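Below is one structure, written out as C-alpha coordinates; the observations come after it.
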Amino acid sequence: MKDTVQPLLEEYKIGNLQLKNRVVMASLTRGRATNPGLVPTPLMASYYAQRASAGLILSEGTWLSPKAIGFINVPGIFTQEQIDGWKLVTKAVHDKGGLIFSQLGHIGSASHPDFLNGALPAGPSAINPQTRSFTPEGFKDTLTPRELTVAEIKQTIQDYKQAAKNAKEAGFDGVEVHAQAGMLIPQFLSLATNQRNDMYGGSIENRARIVFEILDAITEIWDSTRVAIKFAPVALSHVGIMTPDKETVPMFQYILKKLSDYNLAYLHIAGPAEDLSGTPVEVLQNNYFSHFRQHYKGRLMANLGFTQESGNAILREGTADLVSFGEPFIANPDLVTRFKYNLPLSEGNRDTYYSGEENGYTDYPEAVYDVVQ
Ligand SMILES: Cc1cc2nc3c(=O)[nH]c(=O)nc-3n(C[C@H](O)[C@H](O)[C@H](O)COP(=O)(O)O)c2cc1C
(Lines give C-alpha, C1' and ligand atoms only; values in the text may rest on other atoms or scores of the structure.)
Protein backbone atom coordinates (compact mmCIF):
# COMPACT_ATOMS: atom_id res chain seq x y z
CA MET A 1 0.00 0.00 0.00
CA LYS A 2 1.46 3.37 -0.97
CA ASP A 3 2.51 5.43 2.05
CA THR A 4 2.39 9.14 1.28
CA VAL A 5 3.24 10.37 4.75
CA GLN A 6 6.84 9.28 4.93
CA PRO A 7 9.05 12.33 5.59
CA LEU A 8 11.90 10.53 3.81
CA LEU A 9 9.92 10.82 0.58
CA GLU A 10 9.22 14.54 0.85
CA GLU A 11 10.95 16.99 -1.45
CA TYR A 12 13.61 19.19 0.10
CA LYS A 13 15.28 22.39 -1.03
CA ILE A 14 18.92 23.32 -0.42
CA GLY A 15 19.50 26.82 -1.78
CA ASN A 16 18.44 26.51 -5.42
CA LEU A 17 18.86 22.71 -5.50
CA GLN A 18 15.61 20.79 -5.45
CA LEU A 19 15.96 17.31 -3.96
CA LYS A 20 13.24 14.81 -4.97
CA ASN A 21 13.32 13.28 -1.52
CA ARG A 22 15.30 13.32 1.71
CA VAL A 23 16.99 9.96 1.11
CA VAL A 24 20.68 10.60 0.45
CA MET A 25 23.13 8.02 -0.80
CA ALA A 26 26.19 8.25 1.50
CA SER A 27 29.69 7.97 0.09
CA LEU A 28 30.78 4.40 -0.61
CA THR A 29 34.31 3.55 -1.61
CA ARG A 30 33.92 0.65 -4.03
CA GLY A 31 37.43 0.31 -5.50
CA ARG A 32 36.33 0.09 -9.14
CA ALA A 33 38.76 2.66 -10.61
CA THR A 34 40.95 -0.26 -11.65
CA ASN A 35 43.27 1.63 -13.96
CA PRO A 36 46.68 3.24 -13.36
CA GLY A 37 45.29 6.77 -13.77
CA LEU A 38 42.54 6.22 -11.16
CA VAL A 39 40.04 7.43 -13.75
CA PRO A 40 36.28 6.95 -13.22
CA THR A 41 34.95 4.42 -15.71
CA PRO A 42 31.73 3.90 -17.72
CA LEU A 43 30.90 1.08 -15.26
CA MET A 44 30.97 3.60 -12.42
CA ALA A 45 28.66 5.86 -14.42
CA SER A 46 26.15 2.98 -14.74
CA TYR A 47 26.39 2.24 -11.01
CA TYR A 48 25.65 5.82 -10.00
CA ALA A 49 22.89 6.19 -12.62
CA GLN A 50 21.16 3.10 -11.17
CA ARG A 51 20.96 4.97 -7.84
CA ALA A 52 19.81 8.34 -9.25
CA SER A 53 16.39 8.15 -7.57
CA ALA A 54 18.10 9.19 -4.31
CA GLY A 55 17.40 12.81 -3.41
CA LEU A 56 21.16 13.36 -3.57
CA ILE A 57 24.11 11.07 -4.28
CA LEU A 58 27.45 11.61 -2.55
CA SER A 59 30.27 10.19 -4.64
CA GLU A 60 32.72 7.77 -3.14
CA GLY A 61 35.61 9.48 -1.33
CA THR A 62 37.79 10.83 -4.16
CA TRP A 63 41.47 11.83 -3.98
CA LEU A 64 41.96 15.54 -4.30
CA SER A 65 45.69 15.32 -5.13
CA PRO A 66 48.35 12.63 -5.65
CA LYS A 67 49.48 13.17 -2.04
CA ALA A 68 45.96 12.44 -0.78
CA ILE A 69 45.99 8.80 -2.01
CA GLY A 70 45.91 5.85 0.40
CA PHE A 71 43.52 3.08 -0.64
CA ILE A 72 43.52 0.84 -3.69
CA ASN A 73 41.53 1.62 -6.88
CA VAL A 74 39.87 4.76 -5.52
CA PRO A 75 39.37 7.45 -8.18
CA GLY A 76 40.92 10.90 -8.13
CA ILE A 77 39.80 14.34 -9.29
CA PHE A 78 43.14 15.99 -9.94
CA THR A 79 43.93 15.11 -13.60
CA GLN A 80 42.09 16.08 -16.78
CA GLU A 81 41.48 12.39 -17.54
CA GLN A 82 39.83 11.96 -14.15
CA ILE A 83 37.71 15.09 -14.63
CA ASP A 84 36.59 13.74 -18.02
CA GLY A 85 35.80 10.38 -16.41
CA TRP A 86 33.64 12.09 -13.80
CA LYS A 87 31.80 13.92 -16.60
CA LEU A 88 30.43 10.53 -17.69
CA VAL A 89 29.21 9.92 -14.13
CA THR A 90 27.57 13.30 -13.55
CA LYS A 91 25.90 13.18 -16.99
CA ALA A 92 24.54 9.69 -16.36
CA VAL A 93 23.10 10.78 -13.00
CA HIS A 94 21.66 14.02 -14.38
CA ASP A 95 20.11 12.19 -17.35
CA LYS A 96 18.17 10.13 -14.80
CA GLY A 97 17.05 13.29 -12.96
CA GLY A 98 19.47 12.84 -10.03
CA LEU A 99 21.89 15.14 -8.21
CA ILE A 100 25.45 14.29 -7.21
CA PHE A 101 28.11 15.91 -4.99
CA SER A 102 31.79 14.98 -5.15
CA GLN A 103 33.30 13.86 -1.85
CA LEU A 104 36.84 15.25 -1.60
CA GLY A 105 39.18 13.09 0.43
CA HIS A 106 42.76 13.23 1.74
CA ILE A 107 44.03 10.33 3.85
CA GLY A 108 47.09 12.16 5.28
CA SER A 109 49.25 10.05 7.58
CA ALA A 110 47.10 6.94 7.13
CA SER A 111 48.55 6.40 3.64
CA HIS A 112 51.51 4.17 2.85
CA PRO A 113 54.78 4.67 0.88
CA ASP A 114 53.43 2.14 -1.66
CA PHE A 115 51.05 4.88 -2.85
CA LEU A 116 53.61 7.69 -2.71
CA ASN A 117 56.51 6.41 -4.84
CA GLY A 118 58.22 5.21 -1.68
CA ALA A 119 57.94 8.53 0.18
CA LEU A 120 56.63 8.65 3.74
CA PRO A 121 53.06 9.90 4.16
CA ALA A 122 52.71 13.27 5.90
CA GLY A 123 50.34 14.35 8.65
CA PRO A 124 49.95 17.00 11.33
CA SER A 125 52.69 15.41 13.47
CA ALA A 126 55.25 12.62 13.09
CA ILE A 127 53.00 10.18 14.94
CA ASN A 128 51.96 6.80 13.59
CA PRO A 129 48.12 6.76 13.44
CA GLN A 130 48.33 2.98 13.97
CA THR A 131 45.76 2.01 11.40
CA ARG A 132 46.09 -0.09 8.26
CA SER A 133 46.37 0.93 4.64
CA PHE A 134 44.76 -1.17 1.89
CA THR A 135 47.62 -1.28 -0.64
CA PRO A 136 47.91 -3.16 -3.97
CA GLU A 137 49.71 -5.87 -1.93
CA GLY A 138 46.98 -6.11 0.69
CA PHE A 139 46.60 -4.49 4.10
CA LYS A 140 49.77 -2.98 5.56
CA ASP A 141 50.34 -1.27 8.90
CA THR A 142 50.77 2.48 8.79
CA LEU A 143 54.19 3.96 9.57
CA THR A 144 55.43 7.03 11.43
CA PRO A 145 54.70 9.85 8.97
CA ARG A 146 56.51 13.10 8.29
CA GLU A 147 55.19 16.29 9.87
CA LEU A 148 53.65 18.68 7.32
CA THR A 149 55.30 22.09 7.15
CA VAL A 150 53.05 25.15 7.33
CA ALA A 151 53.79 25.77 3.64
CA GLU A 152 52.62 22.22 2.86
CA ILE A 153 49.42 22.75 4.87
CA LYS A 154 48.74 25.92 2.86
CA GLN A 155 49.41 23.94 -0.35
CA THR A 156 47.03 21.19 0.79
CA ILE A 157 44.30 23.79 1.28
CA GLN A 158 44.97 25.01 -2.27
CA ASP A 159 44.72 21.39 -3.43
CA TYR A 160 41.21 21.20 -1.91
CA LYS A 161 40.32 24.41 -3.75
CA GLN A 162 41.65 23.09 -7.06
CA ALA A 163 39.76 19.81 -6.61
CA ALA A 164 36.58 21.78 -5.88
CA LYS A 165 37.17 23.67 -9.13
CA ASN A 166 37.70 20.38 -10.96
CA ALA A 167 34.45 19.02 -9.48
CA LYS A 168 32.64 22.01 -10.96
CA GLU A 169 34.21 21.36 -14.36
CA ALA A 170 33.21 17.69 -14.07
CA GLY A 171 29.56 18.68 -13.69
CA PHE A 172 28.98 17.89 -10.01
CA ASP A 173 26.21 19.76 -8.20
CA GLY A 174 28.40 20.47 -5.17
CA VAL A 175 31.14 19.08 -2.97
CA GLU A 176 31.33 17.36 0.38
CA VAL A 177 34.57 17.58 2.35
CA HIS A 178 35.46 14.14 3.68
CA ALA A 179 36.36 14.65 7.34
CA GLN A 180 35.19 11.21 8.43
CA ALA A 181 37.34 9.45 11.01
CA GLY A 182 40.81 8.41 9.87
CA MET A 183 41.23 11.11 7.21
CA LEU A 184 43.61 14.11 7.26
CA ILE A 185 41.16 16.56 8.84
CA PRO A 186 40.35 14.43 11.90
CA GLN A 187 44.09 13.79 12.23
CA PHE A 188 44.38 17.54 12.88
CA LEU A 189 41.43 17.50 15.30
CA SER A 190 42.69 14.57 17.40
CA LEU A 191 44.98 15.17 20.40
CA ALA A 192 46.62 11.80 19.69
CA THR A 193 47.79 12.63 16.15
CA ASN A 194 48.23 16.41 16.39
CA GLN A 195 50.95 17.53 18.77
CA ARG A 196 52.07 20.58 16.80
CA ASN A 197 52.90 23.75 18.62
CA ASP A 198 52.22 26.24 15.86
CA MET A 199 48.98 27.81 14.60
CA TYR A 200 47.65 24.33 13.58
CA GLY A 201 48.20 22.62 16.94
CA GLY A 202 47.59 22.99 20.64
CA SER A 203 44.29 24.73 21.38
CA ILE A 204 40.94 23.64 19.99
CA GLU A 205 40.90 26.76 17.79
CA ASN A 206 44.31 25.93 16.35
CA ARG A 207 43.61 22.25 15.71
CA ALA A 208 40.31 23.11 14.01
CA ARG A 209 41.81 25.95 11.94
CA ILE A 210 42.34 23.75 8.87
CA VAL A 211 38.61 22.95 8.66
CA PHE A 212 37.72 26.60 8.19
CA GLU A 213 40.64 27.38 5.92
CA ILE A 214 39.56 24.54 3.63
CA LEU A 215 35.93 25.68 3.63
CA ASP A 216 36.95 29.30 3.05
CA ALA A 217 39.00 28.20 0.02
CA ILE A 218 36.23 26.01 -1.42
CA THR A 219 33.54 28.66 -0.97
CA GLU A 220 35.59 30.92 -3.23
CA ILE A 221 34.72 28.40 -5.98
CA TRP A 222 31.24 27.23 -4.99
CA ASP A 223 28.31 29.00 -3.40
CA SER A 224 28.27 27.89 0.25
CA THR A 225 24.92 26.14 -0.28
CA ARG A 226 26.76 23.70 -2.58
CA VAL A 227 29.44 22.86 -0.02
CA ALA A 228 29.10 20.35 2.81
CA ILE A 229 31.31 18.54 5.31
CA LYS A 230 31.03 15.07 6.83
CA PHE A 231 32.32 14.21 10.31
CA ALA A 232 32.22 11.01 12.35
CA PRO A 233 33.00 12.55 15.75
CA VAL A 234 32.77 9.37 17.81
CA ALA A 235 34.26 6.62 15.63
CA LEU A 236 35.94 4.06 17.88
CA SER A 237 36.88 1.20 15.56
CA HIS A 238 39.30 1.06 12.63
CA VAL A 239 40.67 4.52 13.43
CA GLY A 240 43.83 3.49 15.25
CA ILE A 241 44.76 6.04 17.92
CA MET A 242 42.34 8.65 16.54
CA THR A 243 39.58 7.71 18.95
CA PRO A 244 37.51 10.39 20.72
CA ASP A 245 39.40 12.22 23.47
CA LYS A 246 38.47 14.51 26.35
CA GLU A 247 38.35 17.48 24.00
CA THR A 248 36.16 15.88 21.32
CA VAL A 249 32.89 17.22 22.69
CA PRO A 250 34.11 20.84 23.20
CA MET A 251 35.98 20.61 19.89
CA PHE A 252 32.79 19.82 18.00
CA GLN A 253 30.82 22.42 19.92
CA TYR A 254 33.38 24.99 18.77
CA ILE A 255 33.35 23.73 15.16
CA LEU A 256 29.55 23.61 14.97
CA LYS A 257 29.11 27.10 16.38
CA LYS A 258 31.51 28.50 13.83
CA LEU A 259 30.09 26.40 10.98
CA SER A 260 26.63 27.77 11.77
CA ASP A 261 27.68 31.02 10.07
CA TYR A 262 28.70 29.32 6.82
CA ASN A 263 25.23 28.59 5.36
CA LEU A 264 26.53 25.25 4.06
CA ALA A 265 24.42 22.84 2.03
CA TYR A 266 24.35 20.69 5.16
CA LEU A 267 26.48 19.33 7.97
CA HIS A 268 26.76 15.54 7.65
CA ILE A 269 27.21 13.68 10.94
CA ALA A 270 27.78 9.94 11.22
CA GLY A 271 26.47 8.50 14.46
CA PRO A 272 28.08 6.07 16.85
CA ALA A 273 28.50 2.48 15.69
CA GLU A 274 29.28 1.33 19.22
CA ASP A 275 28.20 1.86 22.79
CA LEU A 276 29.80 5.06 24.07
CA SER A 277 29.65 4.21 27.78
CA GLY A 278 32.99 4.52 29.48
CA THR A 279 34.44 6.59 26.59
CA PRO A 280 35.33 10.32 26.70
CA VAL A 281 32.17 10.99 24.64
CA GLU A 282 29.81 9.10 26.92
CA VAL A 283 27.64 12.24 27.35
CA LEU A 284 26.48 11.81 23.74
CA GLN A 285 25.15 8.31 24.32
CA ASN A 286 21.48 9.15 24.57
CA ASN A 287 21.16 12.47 22.76
CA TYR A 288 23.60 12.15 19.90
CA PHE A 289 21.87 13.90 17.00
CA SER A 290 19.89 16.29 19.22
CA HIS A 291 23.21 17.44 20.71
CA PHE A 292 24.51 18.32 17.24
CA ARG A 293 21.14 19.83 16.32
CA GLN A 294 21.34 22.07 19.35
CA HIS A 295 24.84 23.32 18.54
CA TYR A 296 24.44 23.73 14.77
CA LYS A 297 22.06 26.21 13.24
CA GLY A 298 22.02 24.93 9.64
CA ARG A 299 20.75 21.87 7.75
CA LEU A 300 21.76 18.59 9.38
CA MET A 301 22.18 15.23 7.64
CA ALA A 302 22.13 12.19 9.92
CA ASN A 303 23.94 8.95 9.10
CA LEU A 304 24.75 5.46 10.34
CA GLY A 305 22.53 2.50 10.77
CA PHE A 306 19.31 4.19 9.71
CA THR A 307 16.37 2.17 8.45
CA GLN A 308 13.19 3.29 6.72
CA GLU A 309 11.56 3.47 10.14
CA SER A 310 14.28 5.27 12.09
CA GLY A 311 14.99 7.57 9.14
CA ASN A 312 11.35 8.67 9.00
CA ALA A 313 11.33 9.04 12.78
CA ILE A 314 14.34 11.36 13.03
CA LEU A 315 12.91 13.59 10.29
CA ARG A 316 9.45 13.56 11.84
CA GLU A 317 10.79 14.65 15.22
CA GLY A 318 12.84 17.39 13.53
CA THR A 319 16.25 16.29 14.81
CA ALA A 320 17.65 16.07 11.25
CA ASP A 321 16.70 17.47 7.83
CA LEU A 322 18.13 14.70 5.66
CA VAL A 323 19.14 11.08 6.25
CA SER A 324 21.93 9.33 4.39
CA PHE A 325 22.14 5.60 3.77
CA GLY A 326 25.39 3.84 2.93
CA GLU A 327 25.29 0.04 2.92
CA PRO A 328 21.57 -0.15 2.05
CA PHE A 329 22.36 1.47 -1.33
CA ILE A 330 24.86 -1.24 -2.24
CA ALA A 331 22.30 -4.00 -2.87
CA ASN A 332 19.23 -1.77 -3.31
CA PRO A 333 19.78 0.62 -6.21
CA ASP A 334 16.06 1.44 -5.98
CA LEU A 335 16.13 2.09 -2.24
CA VAL A 336 13.70 5.01 -2.53
CA THR A 337 11.12 2.86 -4.34
CA ARG A 338 11.52 0.14 -1.75
CA PHE A 339 10.81 2.69 0.99
CA LYS A 340 7.86 4.07 -0.97
CA TYR A 341 6.17 0.71 -1.31
CA ASN A 342 7.47 -0.81 1.94
CA LEU A 343 9.36 -3.51 0.06
CA PRO A 344 11.98 -5.72 1.72
CA LEU A 345 15.65 -4.79 1.33
CA SER A 346 18.31 -7.02 -0.22
CA GLU A 347 21.59 -7.82 1.55
CA GLY A 348 24.86 -6.86 -0.12
CA ASN A 349 27.75 -9.27 -0.53
CA ARG A 350 30.61 -7.95 1.61
CA ASP A 351 33.20 -9.84 -0.47
CA THR A 352 32.55 -7.46 -3.35
CA TYR A 353 32.26 -4.19 -1.41
CA TYR A 354 35.74 -3.03 -2.39
CA SER A 355 36.48 -5.08 -5.53
CA GLY A 356 34.85 -7.24 -8.16
CA GLU A 357 34.15 -5.03 -11.22
CA GLU A 358 30.41 -5.39 -12.08
CA ASN A 359 30.04 -8.36 -9.78
CA GLY A 360 28.35 -7.11 -6.60
CA TYR A 361 28.35 -3.60 -8.06
CA THR A 362 25.98 -3.02 -10.97
CA ASP A 363 24.27 -6.43 -10.93
CA TYR A 364 21.88 -5.93 -8.00
CA PRO A 365 18.36 -5.95 -9.47
CA GLU A 366 15.54 -3.57 -8.69
CA ALA A 367 12.69 -5.06 -6.67
CA VAL A 368 9.81 -6.68 -8.54
CA TYR A 369 6.49 -5.55 -7.13
CA ASP A 370 2.83 -4.84 -7.85
CA VAL A 371 1.60 -1.40 -6.91
CA VAL A 372 -1.69 -1.65 -5.03
CA GLN A 373 -3.47 1.66 -5.45
C1 LIG B 1 31.85 -0.16 1.47
C2 LIG B 1 31.84 1.13 2.22
C3 LIG B 1 32.61 2.18 1.74
C4 LIG B 1 32.56 3.44 2.38
N5 LIG B 1 33.26 4.50 1.85
C6 LIG B 1 33.13 5.73 2.39
C7 LIG B 1 33.72 6.88 1.78
O8 LIG B 1 34.36 6.80 0.74
N9 LIG B 1 33.52 8.08 2.37
C10 LIG B 1 32.79 8.21 3.53
O11 LIG B 1 32.65 9.33 4.04
N12 LIG B 1 32.23 7.15 4.12
C13 LIG B 1 32.36 5.94 3.57
N14 LIG B 1 31.71 4.86 4.13
C15 LIG B 1 30.81 5.09 5.28
C16 LIG B 1 29.39 5.35 4.77
O17 LIG B 1 29.31 6.54 4.01
C18 LIG B 1 28.43 5.48 5.95
O19 LIG B 1 28.87 6.55 6.77
C20 LIG B 1 28.37 4.20 6.76
O21 LIG B 1 28.24 3.07 5.91
C22 LIG B 1 27.20 4.24 7.75
O23 LIG B 1 25.96 4.37 7.08
P24 LIG B 1 25.01 3.09 6.86
O25 LIG B 1 24.79 2.49 8.22
O26 LIG B 1 23.75 3.66 6.25
O27 LIG B 1 25.74 2.16 5.96
C28 LIG B 1 31.77 3.60 3.54
C29 LIG B 1 31.03 2.52 4.02
C30 LIG B 1 31.05 1.30 3.38
C31 LIG B 1 30.21 0.16 3.90
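General remarks:
- Single unsatisfied condition, I314 versus (1) open to solvent by 60 Å² or more (accessible area, probe 1.4 Å); (2) at pLDDT 95 or above; (3) away from the ligand (no atom under 12 Å from the Cβ); (4) of a type in the set (V, I, T): (1)
- Within the stretch 132-188, the residues that satisfy the criterion of being more than 21 Å from L99 (Cβ to Cβ), part of a loop (DSSP other than H, G, I, E, B), away from the ligand (no atom under 16 Å from the Cβ) and not aliphatic (A, V, I, L, M) are P136, E137, T142, T144, P145, T149.
- Remark: pairs (first residue in the stretch 326-337, under 23 Å from A232 (Cβ atoms); second residue within 7 Å of the ligand (Cβ to nearest atom) and assigned to a helix (DSSP H, G or I); Cβ separation under 6 Å; 6+ apart in sequence or on different chains) = L335/P328.
- Taking first residues from the stretch 274-299 that are open to solvent by 30 Å² or more (accessible area, probe 1.4 Å) and modelled with pLDDT of 95 or more and partners that are of a type in the set (D, E) and part of a loop (DSSP other than H, G, I, E, B), the Cβ contacts under 6 Å between residues at least 6 apart in sequence or on separate chains come to P280/D245; R299/D321.
- Just one of the listed residues (E213, E205) is open to solvent by 50 Å² or more (accessible area, probe 1.4 Å), of a type in the set (D, E) and modelled with pLDDT of 95 or more, and it is E205.
- Subset tally (residues that are of a type outside the set (S, T, Y), assigned to a loop (DSSP other than H, G, I, E, B) and within 18 Å of N332 (Cα to Cα)) for the stretch 33-72: 4
- Scan of the stretch 18-44 for residues that are open to solvent by 10 Å² or more (accessible area, probe 1.4 Å), touching a residue at least 24 places away in the same chain (Cβ under 8 Å) and either within 21 Å of L104 (Cα to Cα) or among the β-branched types (V, I, T) (or both), ordered by number: S27, L28, T29, T34, G37, L38, V39, T41, P42, L43
- Within the stretch 186-202, tally of residues that are among the hydrophobic types (A, V, I, L, M, F, W, C) and in contact (Cβ under 8 Å) with a residue 60 or more places away in the chain: 3
For every residue, the table says whether it meets (1) basic (K, R); (2) surrounded by fewer than 22 Cβ atoms within 10 Å (Cβ to Cβ); (3) out of contact with any helix residue (DSSP H, G or I) (no Cβ under 6 Å at 6 or more places or on another chain).
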| site | (1), (2), (3) |
| --- | --- |
| H112 | no, no, yes |
| G118 | no, yes, yes |
| I127 | no, yes, yes |
| T131 | no, yes, no |
| F134 | no, yes, yes |
| G138 | no, yes, yes |
| T144 | no, yes, yes |
| T149 | no, yes, yes |
| E152 | no, yes, yes |
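- Check on V24, among the β-branched types (V, I, T) and closer than 26 Å to L300 by Cα: yes
- In this entry, F115 is excluded by the filter for residues that are without any contact (Cβ under 8 Å) to a residue 24 or more places away in the chain, more than 30 Å from Q18 (Cβ to Cβ) and of a type in the set (F, W, Y).
- Candidates in the stretch 169-200 are the residues that are surrounded by 17 or more Cβ atoms within 10 Å (Cβ to Cβ) and more than 25 Å from R132 (Cβ to Cβ); of these, the one that is farthest from the chain's Cα centre (by Cα) is Y200.
- The selection criterion, being within 20 Å of L322 (Cα to Cα) and either within 16 Å of the ligand (Cβ to nearest atom) or open to solvent by less than 20 Å² (accessible area, probe 1.4 Å) (or both), does not hold for H238.
- Within the stretch 347-365, the set of residues being open to solvent by 30 Å² or more (accessible area, probe 1.4 Å), of a type in the set (S, T, N, Q) and out of contact with any helix residue (DSSP H, G or I) (no Cβ under 6 Å at 6 or more places or on another chain) comprises N349, S355.
- Where helices (runs of 4 or more DSSP H) fall wholly inside the stretch 254-373, the ranges with 1 or more residues that are more than 20 Å from the chain's Cα centre (by Cα) are 288-295, 308-316, 335-340.
- In this entry, Q308 is excluded by the filter for residues that are farther than 20 Å from Y254 by Cβ, in contact with a Leu (Cβ under 6 Å, 6 or more places away or on another chain) and of a type outside the set (D, E).
The values are calculated or read from the model by the stated rules, or taken from the named source; none is laboratory data. All of these numbers come straight from a predicted model, not from anything done at the bench. Positions of Cβ are generated from backbone atoms using ideal geometry, with glycine treated the same way; all protein chains shown enter the neighbour counts. All accessible areas refer to the heavy atoms of the entire protein, side chains included, with ligands and DNA or RNA removed. Shrake-Rupley method; radii C 1.70, N 1.55, O 1.52, S 1.80 Å.
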